[in-house]
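The values are calculated or read from the model by the stated rules, or taken from the named source; none is laboratory data. Keep in mind it's a predicted model, so treat the numbers as computed, not measured. Quick reminder, even Gly has a Cβ in these numbers, built from the backbone with ideal geometry, and neighbours come from all protein chains shown. The area values use the complete protein model at the heavy-atom level, side chains included, leaving out ligands, DNA and RNA. Shrake-Rupley method; radii C 1.70, N 1.55, O 1.52, S 1.80 Å.
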Amino acid sequence: EAQVTQNPRYLITVTGKKLTVTCSQNMNHEYMSWYRQDPGLGLRQIYYSMNVEVTDKGDVPEGYKVSRKEKRNFPLILESPSPNQTSLYFCASSTMGSITEAFFGQGTRLTVV
Amino acid sequence: SQQGEEDPQALSIQEGENATMNCSYKTSINNLQWYRQNSGRGLVHLILIRSNEREKHSGRLRVTLDTSKKSSSLLITASRAADTASYFCATDRPWGNDMRFGAGTRLTVKP
């Protein structure tokens with residue numbers, strides 16, 4: 001089954017404690033991206049990757065890091081989380097960037113206290 | 001910054017009625033897509049319309065695109081309670097590699 005898998009689904013952490021949210025897709029997609037969703041703001045893109053070792057900033061990259069060492073994986077790293085990063089995070093993948101439909105993971109609800 | 005803005009923010013209708021949601025955007029686009037999100041879950045792709053297309057159908061969905069007005073509409077005909085969800089439009093820009101979403105329309109279909 002074609003899918004994008006994020007882990008964990010829920011996470012509560014404390015300010016400053018480094019964390020990683022994993023994202024994996026099994027569709028051999030070149031394009032992967034991370035979004036955060038906040039009430040009233042829709043989805044905002046954090047980072048995206050066109051292929052292995054190729055990443056770029058989206059609209060809200062501050063406080064986040066990503067890496068793309070393998071085609072299937074695109075982890076999101078918060079080196080020093082802060083309460084304003086409390087949000088619902090989604091990973092997505094697609095072929096040919098935004099020209100085709102994007103497949104989304106089920107989301108990671110992060111709370112930073 | 002958001003590219004698309006959906007209107008209305010919330011819509012409540014009875015089962016069997018049609019639901020119309022609108023999306024306006026600011027810059028030129030290659031494509032416009034509509035996604036659906038059930039509460040707190042991942043988004044699911046509904047339909048893609050290219051900038052050189054004016055209308056597209058998929059089952060009970062009808063999407064129109066007016067590039068001169070920079071707007072699109074999503075019509076769901078004969079709505080069902082299971083259509084209750086949030087609906088988002090997403091656009092990509094000719095010079096960009098990103099896909100931008102609006103804030104969504106929350107649709108409630110009452111049985």
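Rank these residues by their accessible area, most exposed first, probe 1.4 Å: A:69, B:26, B:70.
Working: A:69 150, B:26 125, B:70 65 Å².
Descending order: A:69, B:26, B:70.
Once amide H atoms are built 1.01 Å from N in the peptide plane, which residues 5 or more positions from residue A:47, or in another chain, come under 5 Å H to H?
A:34, A:58
To the nearest 10 square angstrom, how much accessible area does residue A:94 have with a 1.4 angstrom probe?
Approximately 0 Å² of residue A:94 is accessible to the 1.4 Å probe.
Averaged over B:47-54, how many beta carbons belonging to a partner chain fall within 10 Å of each residue's beta carbon? Write out the running numbers ahead of the final one.
Values: counts 1, 4, 0, 1, 0, 0, 0, 0.
Mean inter-chain Cβ contacts per residue within 10 Å come to 1.
Can you check how the C-alpha radius of gyration of segment A:1-64 compares to 2.2 N^0.38 Å, as a plain ratio?
Details: Rg = 13.2 Å, N = 64, 2.2 N^0.38 = 10.7 Å.
Segment A:1-64 yields a ratio of 1.24.
Ordering A:50, B:99 by how much accessible area each has at a 1.4 Å probe, largest first, what is the list?
Accessible-area ranking of A:50, B:99, largest first: A:50, B:99.
Could you provide, to the nearest whole Å², the per residue accessible area of the protein assembly as shown with probe 1.4 Å? Display every interim value, and only then the final one.
On the way: 10370 Å² over 224 residues.
Roughly 46 Å² per residue, with all protein chains present.
So how much accessible area does residue B:57 have, in Å² to the nearest 10, using a 1.4 Å probe?
Here the accessible area works out near 120 Å².
With Cβ to Cβ distances under 14 Å as the rule, what net charge do the other residues near residue B:79 carry (K, R +1; D, E -1)?
Working: positive: B:36, B:60, B:62, B:80, B:106, B:110; negative: B:15, B:17, B:83.
Neighbour charge sum, excluding residue B:79 itself: +3.
Please state the relative contact order of chain B as a whole percent: Cα pairs under 8 Å, 6+ residues apart?
Details: 288 pairs, mean separation 43.7, N = 111.
Worked out over chain B, it gives 39 percent.
Could you rank B:66, A:38, A:56 by how accessible they are, 1.4 Å probe, largest area first? Mind dumping the intermediate values first?
Details: B:66 50, A:38 25, A:56 75 Å².
My answer, sorted largest first, is A:56, B:66, A:38.
Apply the Karplus curve 6.51 cos²θ - 1.76 cosθ + 1.60, θ = phi - 60°, to the phi angles in segment B:24-40 and return the couplings in whole Hz, x for Gly and Pro.
Coupling constants for segment B:24-40: 10, 9, 9, 10, 4, 10, 8, 9, 10, 10, 10, 10, 10, 9, 7, 2, x Hz.
Place a +1 charge on the Cβ of each Lys and Arg in chain A and a -1 charge on the Cβ of each Asp and Glu, then give the dipole magnitude about the Cα centre in debye, rounded to the nearest 20. Don't jump to the answer; show the numbers that get you there.
Working: 12 positive and 10 negative charges, 71 e Å.
I would put it at about 340 debye.
Under 5 Å between amide H atoms, partner at least 5 residues away or on a different chain: which partners does residue B:103 have, H built in plane at 1.01 Å?
B:6
If you count the DSSP beta bridges with both ends in segment B:2-90, what percent of them are antiparallel, to the nearest 5? Walk me through the numbers on the way to the answer.
Values: 32 of 32 bridges.
In segment B:2-90, DSSP labels about 100 percent of beta bridges as antiparallel.
For chain B, what is the charge dipole size about the Cα centre, in debye to the nearest 20, if Lys and Arg each add +1 at the Cβ and Asp and Glu each add -1 at the Cβ? Before the final figure, lay out each step's value.
Numbers: 15 positive and 11 negative charges, 24 e Å.
Once rounded to the nearest 20, the dipole reads 120 debye.
Give me the percent of DSSP beta bridges within chain A that run antiparallel, rounded to the nearest 5. Show your work: numbers first, answer last.
Numbers: 33 of 37 bridges.
Given both bridge residues lie in chain A, the antiparallel proportion sits at roughly 90 percent.
How much net charge surrounds residue B:9 when only other residues with a Cβ under 15 Å from its Cβ are counted (Lys, Arg +1; Asp, Glu -1)? Don't skip to the end; give the middle numbers.
On the way: positive: B:106; negative: A:38, B:5, B:6, B:7.
Around residue B:9, the charge tally is -3.
Pull up the cross-link candidates among the lysines for residue B:26, meaning alpha carbon to alpha carbon under 19 Å and not fewer than 8 places away within one chain.
Cα-Cα hits under 19 Å: B:69, B:70.
Would you be so kind as to identify which of A:42, A:104, A:85 lies farthest towards the positive end of the dipole of segment A:38-110, taking Lys and Arg as +1 and Asp and Glu as -1 on Cβ and the Cα centre as origin?
Final value for the positive-end residue is A:104.
Using θ = phi - 60° and the Karplus curve 6.51 cos²θ - 1.76 cosθ + 1.60, what whole-Hz ³J(HN,Hα) does each residue of segment B:83-90 get, with Gly and Pro shown as x?
Those phi angles translate into 7, 4, 4, 9, 10, 10, 9, 9 Hz.
Can you send over the solvent-accessible area of residue B:29, 1.4 Å probe, protein chains only, in Å² to the nearest 10?
Here the accessible area works out near 10 Å².
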